[in-house]
Each structure stands twice: as structure tokens, then as C-alpha cells.
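Notes follow once the structure below has been shown.
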Amino acid sequence: MKPVIKKSAIAISIVLAISACQNLEQESKKDQAAKQQDNAGKTIKDMQPSLEELIDEVRRQEQVQVGKNKKLESERRSQEKLARPANEPPQQANVVVTSGSRIRSADFEAKSMPIIVQRHQQNRENYNKIEDNAVKLVDESPVSTFSIDVDTASYTNVRRMLNDGYLPPKEAVRLEEFVNYFDYKFPAADNLEQPFSISTSSMQAPWNQDAQLVQIGIKGYEPQEQSLPPSNLVFLIDVSGSMRSPDKLGLVKQSLKLLTKQLTPKDKVSLVVYAGASGVILEPTNGNNRLEIEQALDRLQAGGSTNGASGIELAYQMARKGFIEEGINRVILATDGDFNVGMTNHDDLIELIEQKRKSNIFFSSLGFGTGNYNDHLMEQLANKGNGNAAYIDSLHEAKKVLVDERAGTLMTIAKDVKIQVEFNPAVVSEYRLLGYENRMLNREDFNNDKVDAGEIGAGHTVTALYEIVLTNSKVKRVDPLRYQNNNQDRIEKIGMNNRRALEAAMVKIRYKLPEANKSQLINKPIYANEFNHNSPDENIQFAASSAGFAQLLKGNKYLGDWNWQDAIDTARIAKGDDKQGYRAEMIKLMEMAKLLSDSSEIGAEINSDDSSDTSKLGLVSPND
């Protein structure tokens, strides 16, 4: 029996039963029997239309429910079609249709539940492949020129990978950013007229007893917190679909809230977002309106494609609108770097940033998240925008970059900073610059003020390390030239008492003040007698251990037999004062990298062609 007919019959039966009870009651009253029978007949007749209306209502509701089910099914299939890759066939779905108070499942066939295998998100992270600097013969190339770099993104990004339990790709490791992540006790500059100081030191190279390690250290002027100029900051936030993750947009909100807590009424904050399109969420607002700024951040939600160029244009408009003369004017980009619509040509994006920096509005990038982090692009945009690039892998790192080092992150004290080192062939035979591979400049670029270079923020420390081999060393990596003047001839030509004969190298640094167009020059010699010290300071020792960390991750060919344990021991000896625990953390990361590297080597050995010989792995064959 169909459900609707059955419901109608039940309703009629109930009515008839009530009517029968009424008739029995009426028969007990003989004086009113005829009258009650007439009324009962009228009642039954009056109720007949109500029953027909009930049947019609039930049928109408059934049709409405069926219509709703069809609509929902149509919408579900449309969504599946949009979500399904073009090359994936559609899946058959069993549909259960509800009808009234019952479930009609005539076409529903019970089957075993399929096993759903969750696919890992494809890793689309982008890194720039660079080759390590080679050993140079001083007779052939006595001059080394490069731009400084204060970025730290590579170190924190690699830290994220090691904490997740895997070794980083070699391209993700930039040695100079490992070294420069840490603060060193270099003497600071006294004023902004010469905004940084230069220090040099040396020690025996930990991985090569026949070589010396030379450290060139720069320490930027560090103003007191209360003396920082007012800031005009534009937060440019990626809210595209790729940012829909707690370690992306969620961490962006938390990080920027930490920064806003440091602002004063003299500061200004704007908020621009971009996805498929871009928009202004908050016009330039005084820094003490913290509630308004935080509420604007809380309203952000991720969704859509990524059109970074339109957001950059709009961010610079807001920066010009809130521009502060003699203040800090900066756009801070927070993104995973996944630009996939609009101006997707990276060269065009970089050119756009280069044009905008001429307005004295600088550009910094904060990288977030995993899976599609575009490290290469983030570094390039910050470099061309006269800013710095950081990677935020935790709220703790956000505090370091945006609170503890806020002056260095926001306030540029020198721009287009270049280093040039000329080695004396009478003292130094070979050299190798550790890191800065993507910052190398031509020799003539040093004096060309139109050539862009790196910036230094207030309080920043910058370290460059050279591995050198002295002329009197017994072991050299490169054979000397046959037809050049020998070392004794050079000394006689210069003169033993000549001051230049006592120099091993001359360090020259060019820089511009933030609003200047003409560079200034600083010279500092490195004397040969500096290599006779037997007690190196903690600065160079820890810098050497962090450089060794990076080289081991990259599988550097110049380390010889120096291994992970050697690097860990060097770092422990040189840890020194470590109030924030960053150096201790690096040692733990090195220990993790050692374990992962050992596991990787064992796996490679097992998978090698001669892996059938299990005795060398300490394993016993079941056939023995």
C-alpha cells in the first residue's frame, strides 16, 4: 500500500471511531436520540471535506519534498563536477530520497564502504638553484665584491622542515642567512652619520687545518626605542585560497597583532588585501586605535585566486596617502608567495617593486606556510624593494622579527651597502667566500651608485666569512701559476718595511644614507699578524659553526672529513651568552639534522646495488 493512501485510511478510521463513541453516548439519552443522530450525521458530512483536504496536503508536501531532493542532488553533482579534475571520471553515487516520513530506497544497493586514501598535497615550493662559491686564486682574482644581506628567511624555513622531520632541499639553504640569523657582540656605531661599525677577526678553519677563517662584521647603529621615528605601515595581506590554513592566514593575524601593540598615536596603519581582486580594509589609521586595527584583521577570510600585482599597486597608494615626512614608510607583504593570476610574470613583479622604491617607500616580505611557499620570489621582491625577507614559522619567530627586532625590521639606516675585499698576493694565496652566491657583483659595480645592493636596519649585524690559505701554507687547493712573479719577488718589490707588506687584505664598504643618492666609502685593513692569535673570540667561533651547519646541509665538497658531530661540538663551545635560547635551538636542529642524515644514508645504502650484503649493516640474513 502506498504511504499516502495508508495515511488517509488511518485518518478516516479514527474519525469513524470517534463518531461511534458519540452515537453510544447519544443512545443513552433516549429523549434526545433523534436529535443527536441528526447532529452526528451532520458532523460526519462536515468532516468529509477535511479528510479530502488532508489527503491533498499530504500529496502536496510529498511533491515539495521530491522537488527539494532533486534540487539538492543537482547542486551536489554540479559541485562534484567543478571539484573533479578534468581527467578524472565521474563517480557513481547512490541516492536515497526521503518521501514523507519514510525512506524510499528501491534503487539503493548496499555495498561495502570504499577505502578512502587521502592524497598528500603536491609540494610546489620554489627555490633558486645556486652553485657554491669556488676557490679563487689571488694571483688571478685578487678582488671579491658582493652586496650585503640581512635576510633570515632561509634559516627559519629550514628550521620548519627539520622540525617536521625531513632534510631540506639544498636550494633552500643560503649560508649567509644562517650566519646572520644570530646576533654577535660587535661594537656598534655611535650615530647615524656613519651608521655602522666594521670589525674583523680570524681563526683556524674548523674543517681545514691549513686554512684561516676571516670574519668581517658590521653592526648597525641602534637607537633607543623611544627615539624611533613615526611609522606609516601598510599591511598587504594575501587572502587567496592558498592561505586558508592556521599556519598561514591564522598566523598572519596573530603576528601583525603583536606588531600593532608596539605602535603609538604618531604611527599609522593601513590594511590592504588581495586575492582574485584587491581592496582596502582599513584606511590609514592612528596606531593607538588598536581595537579598530585588530577588528579589521579578525574580519579577514581566505578564498579565491592570487593577484599580487593589483594588491601591491593599491598598497603603495595607501602608503602615499599616509606618507610621513622623515618617518618610516613601508609596505609589509604577508603571503605564501603563490601569485597565480594577474601579473604572474615574476620579472614584471620585480620591476614594479623597483619602480615603487624610488618614492622612498620600502618593501619587506613575510613568508608563511608550507606546500607552495615561493622562497625565491619573496627574497627577490624584498631585495628590490629596499627591505628584508623573513619567514614566520611560529608566533615566537613573529615576536623576534616584529617586536624584539622591530627597529631593524622597519628602520633602514643605510642602503645599497656593498663590500669589496682586495687580497694581498704576498700574504694570501687562495680564498673562498662562504655564502652570498646570489649577491655577487662585478668589480666595477662597487663604485657605480646606480647598481642596487642590500640594506641595513637599525641594530642589524651582518657577517661575511672568507676561508683563506696563506702563501706560506704547505697545502693549497690550487696550484700556483708558473709564469707569475713569485712571492719573494713581490715582497722585495713592495719592501719589507712598507705598510702594505704587513696587510693581508683591504676591506672597503660603500653605502648610502636612506635618502641619499651618492655613496660614501669606508676602508679597513686586515693585517697579517691577526692570523697568529690562538684564542679566537666567540663571535667567529659561533659564526663558523652556523656556516658549517649550512654547508653540511648542502653537502659541501670543501669540508673534507668534518662531520655533524664536529659542527655540534664547535657550536657548544662557542654558544656563550644565549638569553633568548636561539643558539641552543640551533644545536638541537643540528642534532636533528644529524639523525635525519644518518637515516638517509642507511636508506641509501640499503637501496644500493650491493645492498644484498647485509653484514655491513649489522644485519643477519634469514638464510644464514
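Counting just the residues of the range 291-314 that are more than 17 Å from T260 (Cβ to Cβ) and in a helix (DSSP H, G or I), which one comes out modelled with the highest pLDDT?
L314
Please go through the range 330-350 and give me each residue that is open to solvent by 10 Å² or more (accessible area, probe 1.4 Å) and either in a helix (DSSP H, G or I) or at pLDDT 75 or above (or both), ordered by number. Once the filter is applied, which keeps residues that are open to solvent by 10 Å² or more (accessible area, probe 1.4 Å) and either in a helix (DSSP H, G or I) or at pLDDT 75 or above (or both), the range 330-350 yields H346, D347, D348, I350. For the range 170-180, the criterion of a residue being in a helix (DSSP H, G or I), basic (K, R) and surrounded by fewer than 20 Cβ atoms within 10 Å (Cβ to Cβ) is satisfied by at least one position. Can you tell me which residues in the range 351-371 are under 22 Å from E125 (Cβ atoms) and surrounded by fewer than 19 Cβ atoms within 10 Å (Cβ to Cβ)? Correct list: T370, G371. Somewhere in the range 397-404, is a residue surrounded by fewer than 20 Cβ atoms within 10 Å (Cβ to Cβ), over 29 Å from L228 (Cα atoms) and aliphatic (A, V, I, L, M)? Scanning the range 397-404, I find no residue that is surrounded by fewer than 20 Cβ atoms within 10 Å (Cβ to Cβ), over 29 Å from L228 (Cα atoms) and aliphatic (A, V, I, L, M), so the answer is no.
Taken over the range 426-447, residues that are surrounded by 15 or more Cβ atoms within 10 Å (Cβ to Cβ) and in a loop (DSSP other than H, G, I, E, B) amount to 5. Of all residues in the range 315-327 being aliphatic (A, V, I, L, M) and modelled with pLDDT of 95 or more, which is least open to solvent (accessible area, probe 1.4 Å)? For the range 315-327, the residue satisfying everything is A319.
Output the residues belonging to the range 184-221 that are under 16 Å from E530 (Cβ atoms) and of a type in the set (S, T, N, Q). Within the range 184-221, S199, T200, S201, S202, Q204, Q212, Q215 meet the criteria.
Here L236 passes the criteria (1) closer than 26 Å to L377 by Cα; (2) in a loop (DSSP other than H, G, I, E, B) except the one numbered (2). Number of residues in the range 244-269 that are of a type in the set (D, E, K, R) and touching a Pro at 6+ places or on another chain (Cβ under 9 Å) equals 3.
Applying the selection to the range 189-233, what residues are open to solvent by less than 10 Å² (accessible area, probe 1.4 Å) and either in a loop (DSSP other than H, G, I, E, B) or farther than 30 Å from D561 by Cβ (or both)? The answer is P195, F196, A205, A211, I218, G220, S231, N232, L233. In the range 448-459, how many residues are among the aliphatic types (A, V, I, L, M) and open to solvent by 20 Å² or more (accessible area, probe 1.4 Å)? Total satisfying the criteria: 1. One residue alone among N472, N497 is at pLDDT 85 or above, not acidic (D, E) and not in a strand (DSSP E or B), and that residue is N472.
Is it true that some residue in the range 502-509 is open to solvent by 10 Å² or more (accessible area, probe 1.4 Å) and modelled with pLDDT of 95 or more? Yes, the range 502-509 contains at least one residue that is open to solvent by 10 Å² or more (accessible area, probe 1.4 Å) and modelled with pLDDT of 95 or more.
The values are calculated or read from the model by the stated rules, or taken from the named source; none is laboratory data. Nothing here was measured: the structure is a model prediction, and the numbers come from that model. Positions of Cβ are generated from backbone atoms using ideal geometry, with glycine treated the same way; all protein chains shown enter the neighbour counts. The accessibility values were calculated without ligands, DNA or RNA, using every heavy atom of the protein model including side chains. Shrake-Rupley method; radii C 1.70, N 1.55, O 1.52, S 1.80 Å.
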